[in-house]
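The values are calculated or read from the model by the stated rules, or taken from the named source; none is laboratory data. The model shown is predicted, which means the values in this text are computed figures rather than measured ones. When we count neighbours, we look across all protein chains shown, and the Cβ atoms used for this are built from the backbone with ideal geometry, even at glycine.
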Ligand code: NOJ
């Protein structure tokens, strides 16, 4: 049985959250609309038409919620700053109430003895900026830099741990290529211009933090998934390498100074060439203190010539009769170990931190308790994978569970429950799940 102490006394343990998913008060206290406020009002975009207006009402309940983080035994609280709460139009006017709110959240963490980790961009772009093209527009970089600057100058004395972006591949692919997340744009042209501006933003953001925050520990996060070819045929192996190029390499490699990956693949070669003035140049590169990895599933892919460009198709866990969560995501801790290893093999990465990992299950509140044994088993397996990687010398400095409490799971609305704490969205009553108590016990040992 593994224990928290096996990871060493300087290992950080936390829970991660994001503003849009928990705060609510989405149109109050001077906050401007975000792309998610707009997107969620479009019919058919979010399951059951769920809205973010109230979410977990963290805006009014942060005191109690941060106390829960403490009660469960964690020492780190990761949250994000809502860009439109601070700058309702994206740039220019600063909302003093928004500024105060995050001061309160930070102070609450510090009073409770928790270390705050701030994510600057966790997907809630101000709608005013999307109206000008969002991440596809060149002007986004000026606006983002202004936002980072406000955050760094305002909170940099109190907060030293920063994450520039949350899962850049996630929001550029789902939001600007597939159209299933906000702002709902589609197509390769939108995708690639969003990718490029986002890659610039991650490095620029790092530089601004470095200049403004003395003693800062600066990271950024990536979604990562081991990509497994369905068979060992050349076609499947090549299909898997194309998916790997987009899912795992697209943002880390320019940040490390390696330029965009995938020169052997025509579409990526064209993209790289059209951005050649930027390739291998300083602007895409930043020397991060740590890289945050977020893992939820491996991906098994096979060749499919009918799929444009990628020519790859996902083989679902369910159809392979493999264990999976309520999201249909394969549970496979060995693949978590292997993808950590893949990232650890970049010599320039100094430290890795698992900044999100967790699972959704169909939790039921029965007689005042939620007995989520599957989630406990999930964490046991995944923590063992982290410990194995660490034991082999991979420099992993912390782990954050996703997530503190059930919340707004983007296009899934409130249906997918990932929390260690159950939330009744009608009453906002919080109930610690068995997995929350399991963590409380685990962190004591
Ligand atoms: C990663 C995202 O950062 C987070 O916002 C989301 O809720 C989890 N994945 C689960 O899908």
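Structure above, values below:
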item: Listing of strands (runs of 3 or more DSSP E) fully contained in the stretch 375-445 that carry 3 or more residues being surrounded by 19 or more Cβ atoms within 10 Å (Cβ to Cβ); result: 396-402, 421-424
item: Qualifying residue in the stretch 18-37 (condition: in a loop (DSSP other than H, G, I, E, B), more than 17 Å from residue 86 (Cα to Cα) and within 16 Å of the ligand (Cβ to nearest atom)); result: no
item: Among the candidates 201, 152, 143, residue that is closer than 19 Å to residue 91 by Cβ, buried (at least 21 other Cβ atoms within 10 Å of the Cβ) and free of Cβ contacts under 8 Å to residues at least 60 places away in the same chain; result: 143
item: Residue match in the stretch 300-313 (condition: within 16 Å of the ligand (Cβ to nearest atom), in a loop (DSSP other than H, G, I, E, B), at pLDDT 95 or above and farther than 18 Å from residue 198 by Cβ); result: no
item: Count of residues meeting criterion [part of a helix (DSSP H, G or I) and either touching a strand residue (DSSP E or B) at 6+ places or on another chain (Cβ under 6 Å) or under 29 Å from residue 402 (Cα atoms) (or both)] in the stretch 213-238; result: 3
item: The lone exception for residue 124 - which of (1) part of a helix (DSSP H, G or I); (2) within 16 Å of the ligand (Cβ to nearest atom); (3) more than 27 Å from residue 282 (Cα to Cα) it fails; result: (1)
item: Some residue of the stretch 320-332 being under 24 Å from residue 265 (Cβ atoms) and either in contact with a helix residue (DSSP H, G or I) (Cβ under 9 Å, 6 or more places away or on another chain) or surrounded by 14 or more Cβ atoms within 10 Å (Cβ to Cβ) (or both); result: no
item: Failed condition for residue 347, given (1) free of Cβ contacts under 8 Å to residues at least 40 places away in the same chain; (2) within 16 Å of the ligand (Cβ to nearest atom); (3) within 20 Å of residue 393 (Cβ to Cβ); result: (2)
item: Flag for residue 412 being farther than 26 Å from residue 116 by Cβ and modelled with pLDDT of 95 or more; result: yes
item: From 290, 286, residue being touching a helix residue (DSSP H, G or I) at 6+ places or on another chain (Cβ under 8 Å), closer than 30 Å to residue 215 by Cα and either away from the ligand (no atom under 16 Å from the Cβ) or at pLDDT 95 or above (or both); result: 286
item: Matching option when the condition is modelled with pLDDT of 95 or more, within 21 Å of the chain's Cα centre (by Cα) and away from the ligand (no atom under 16 Å from the Cβ), among 376, 396, 432; result: 396
